[in-house]
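Student: Below are the structure tokens for one structure; questions will follow.
The numbers here are math on the coordinates, done by the rules we state, and not lab data. Everything numeric in this text was worked out from a predicted model, so none of it was measured. Neighbour counts run over all protein chains shown; Cβ positions are idealised from the backbone, glycine included.
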């Protein structure tokens, strides 16, 4: 357990249940779910994401149902990572949590899911919170299972910077 005790040193305590909050471009904050962290071996923590489905609107896009956050400028839809993964995080590696919070965005007038319009929320520890800012990804990359299920498919090379203020879903916070 000594290794698990080292996790809070980074400023964020990876134990217990935390709120998942969507921060929109207008500064509004909405709790969209919760993340439960449980200490695991090797200084890591396992996590379980639970979305508050009542906050989302169901959209049927490209023959599939998505849980979406609609707005006048942009619709942001959660895209669950479709393959088994370790479901763990550590102070220095939040990749599997980030892969659990993939979104696609589209204009309200567009039909269908545009998977090339993916948003990956790269998290950083900021005080006692995790703050994820959007980066662009092509979600078509996860249309087929990865060769190595232990390696998150969206590394830094697959993600691209998004200028601040571009996405309506401007940030995700876990606090």
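Student: If R₀ is 22 angstrom, what is the calculated FRET efficiency for the pair residue 160 and residue 126, using the beta carbon separation as r and rounding to 0.05? Spell out each step's value before the answer.
Tutor: Values: r = 22 Å, r/R0 = 1.00.
Once rounded, the FRET efficiency stands at 0.50.
Student: The list [x] 96; [y] 150; [z] 111 gives values of volume of the Cα convex hull per residue in Å³, and only one came from this structure; which label was calculated from it?
Tutor: Label [z] holds the value from this structure.
Student: Follow-up question, since we're still on this one. Can you compute the modelled spin-label distance between residue 65 and residue 149, with each label point 7 Å from Cα toward Cβ, in nm?
Tutor: 2.5
Student: Can I ask one more? Express the C-alpha Rg of the range 54-126 as a ratio against the empirical globular expectation 2.2 N^0.38 Å, rounded to two decimals.
Tutor: Relative to the 2.2 N^0.38 Å estimate, the range 54-126 comes out at 1.21.
Student: Continuing with the same structure: Using just the Cα positions, wrap the range 96-149 in a convex hull and report its mean projected area in square nanometres, one decimal place.
Tutor: Result: a mean projected hull area of 4.9 nm².
Student: Report relative contact order for the chain in percent, whole number only (criteria: Cα-Cα under 8 Å, sequence separation at least 6). Walk me through the numbers on the way to the answer.
Tutor: Values: 375 pairs, mean separation 39.9, N = 175.
Worked out over the chain, it gives 23 percent.
Student: If you average the sequence gap of Cα pairs under 8 Å that are 6 or more apart and divide by the length of the range 80-175, what percent do you get for the contact order?
Tutor: Working: 143 pairs, mean separation 24.2, N = 96.
Reported relative contact order: 25 percent.
Student: At what distance in nm do the modelled label points of residue 107 and residue 30 sit from each other, each positioned 7 Å from its Cα along Cα→Cβ?
Tutor: 2.1
Student: Set the Förster radius R0 to 25 Å, insert the Cβ-Cβ distance between residue 19 and residue 83 as r into 1/(1 + (r/R0)^6), and round the FRET efficiency to 0.05.
Tutor: Values: r = 26 Å, r/R0 = 1.06.
Once rounded, the FRET efficiency stands at 0.40.
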